[in-house]
1. Could you give the accessible area per residue of the chain, probe 1.4 Å, as a whole number in Å²?
2. Can you tell me the orientation of helix 129-138 relative to the chain, as the angle in degrees between its alpha-carbon axis and the longest Cα principal axis, to the nearest 10?
3. Take every Cα-Cα distance within region 448-530, group them into 10 Å bins from 0 onward, and report for each bin the whole-number percent of pairs it holds.
4. At a 10 angstrom cut-off on C-beta neighbours, averaged per residue, how do the peptides 484-496, 329-341 rank from highest to lowest?
5. Mind checking the angle between helix 166-176 and the chain's longest principal axis? C-alpha axes, 0 to 90 degrees, to the nearest 10.
6. Within the accessible area of region 23-153, what % is carbon and sulfur when the probe is 1.4 Å and the other protein chains stay in place?
7. For the chain, what is the mean residue ellipticity at 222 nm derived from helices alone (per DSSP H run of n ≥ 4: -39500 (n - 2.57); sum divided by total residues; nearest 500 deg cm²/dmol)?
8. With every protein chain left in place and a probe of 1.4 Å, what is the accessible surface of MET47, to the nearest 10 Å²?
Amino acid sequence: MCQYNGHFVYLAIFNYVIKITMRVCSIIGYKGESLAAPLLVTCLQKMEYRGYDSVGIGTINDGKVSVRKGVGRVEDVDSTLLLRILPGRIGIGHTRWATHGRVTEANAHPHTSCNGEIAVVHNGIIQNYSQLKSQLLMKGHVFKSETDSEVIAHLLEDDYKETGDLRGAISNTSKKLAGAFSFIAAFSDGTIAGARFDEPLIVGISKDGYYISSDVVGFLNYTDRAIFLDNRDIVILKGSGMEMITFDGAPVVRPVTQVAWEFGGIDKGTYAHFTIKEINEQVETIVKSGRGQESKIEEVSEMLKLAPFIYFTGSGTSYHCALVAKNLLAKYGKRKSDAIVSSEFQYLVNDIERDSVIVAISQSGETADVLEVIKKAKTLGSKIISIVNVPTSSLARLSDVSIHMNCGPEIGVAATKSFTSQLTILYAIVDSLSGGVIGLEDQKYKLQNAVKELVERQRLIEQIAEEIKDVKDIYVLGRSIHYPIALEGALKIKELSYVHAEGIPAGELKHGPLALIDRNSCILVLNPNDSTFDDVKANAHEIKARGASLIGIGNSPSDVYDRFITIPEMDEVFYPLLEVIPFQMIAYYLALEKDANPDYPRNLAKSVTVK
Ligand code: AGP
């Protein structure tokens, strides 16, 4: 039982439905010599790309916990609530992204215990929160939010009361939680503690103090020395020292890693948005990808040569890359494989051949659906290859061989440069496996010039975006290796501009989708000069006959198209790498036409660390 508002509150099981709040949030803690609040605001701004519904900060000063939180982006909440003026040199912060449950001030973090002496920020899901909450309500705890996270603050309060030992309380509470989580708790005595299970948590060590964060990006402006906690690790910052133990209380030592400084330099430069900056960066990243990793690429190609079964997997854009990879491997590497989207693969993975090789593709390396597949496959003896942009990510660390995309931090929620980087690495792998049939190295500079030419088509793309801004439905057609690009193009348009868009294999049009086409439809057609050219052009004529507007993307303009975006001539194998760029740009400029923020599409998060 705990006292609240001057009354003893007895158990009540309220008959309203408490919605589960899934989140892909950022959490950060700081203890050191600097003022915590302004620092935490800056750290949260850096990590905002992960989640951006609401934000909150809690600091400790003179034995008192102060919390301020609100709905909106960090900058907006800070300017109305003045988060940065909270006093103290110890604090925690949070940005939230909710898919279920309301976005309210009460549901924003930090959450506090009944006695107000503990504040908690959390990332992940507490699966058993309703049982825990019932038990806590029976004991008289009063909840102020609808979230699962709040149970952590009350459990810590209860366990602390029972054991009288803060260390014991943190480990008892951590052991009671089921699900995937990481949390940071701040106590009124000035202690900060973090615990993790299946969600990342990293300690940053700087000259003036310690950070605990869900993402290295959070503290990279201040330090590049990091400790990556393992599952069931707890870190406690008490006094001026740091202690690490397991959930069972045993001391542990984890190595200090030097993180690439490059990740610290995250800003938009002269660009209006990260998304357009990252689209333009492809001129450089297309040649940088895979550089310095030639021996790993060779090792992977040997593994694929010997593998009896090969699966490519990933989510969203990374899955589209997997589809292109399957196609490339069949055509140029003469090897059969399958590409399965991770959220579906997790139900099949127990039935795959034991000696399979799985190639997992993920920008973040933290996507829950991908990790689920990999963890299951590993227990069955599969070999894991990954292609990631974050070399310290969970996926990289679970893999037998991991190749780094090396395209720099991608902040825009829509994947752009990471797609072309992961694809370039897959080209390199297939090239190595096939004895150089693709000739990637010789073509890289031509490829770079072609990307440059495409990003310079800004004016044309802006005009197209302006012309199609009012269409309700967009269909993107492609055949063979271009079909995954049609899917990717449609995904970009959906997520950035909120216009309904669908990628369709061009040959399937006559089997149903043609019924949808009329004068109001807009069709984007991938029609490059390769074996698909004539068939796709015939499909374009079928559409033209139904009065729809047609935009062609390829090498040879034709009267059938109302508008045509020319792709520079190259060996046909490289067209997928190039033809995706106009789609990224159309989606970006369409978002601007619609007054949507392309960097932060509604309801989406950059790394989806929940299933
Ligand atoms: C792409 O634009 C998306 N926002 C999304 O589909 C993304 O590709 C997907 O969530 C996978 O992320 P990952 O590459 O970090 O695993």
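The values are calculated or read from the model by the stated rules, or taken from the named source; none is laboratory data. All figures in this text were calculated on a predicted structure; none of them were measured in a lab. Cβ sites come from the backbone with ideal geometry, for glycine too, and all protein chains shown count toward neighbours. Each accessible area value is taken on the protein alone, full model and side chains, heavy atoms only, with ligands, DNA and RNA left out. Shrake-Rupley method; radii C 1.70, N 1.55, O 1.52, S 1.80 Å.
1. Details: 22970 Å² over 611 residues.
Roughly 38 Å² per residue, with all protein chains present.
2. 20
3. 16, 45, 33, 5, 0
4. On the way: 484-496: 25.4, 329-341: 17.5.
Ranking the peptides 484-496, 329-341 by packing returns 484-496, 329-341.
5. In the chain, helix 166-176 runs at an angle near 50 degrees to the longest axis.
6. Numbers: 2120 of 4260 Å².
In region 23-153, the share of accessible area belonging to carbon and sulfur is 50 percent.
7. Numbers: 18 runs with 211 residues, N = 611.
Calculated at 222 nm, the ellipticity per residue is -10500 deg cm²/dmol.
8. For MET47, solvent-accessible area is about 0 Å².
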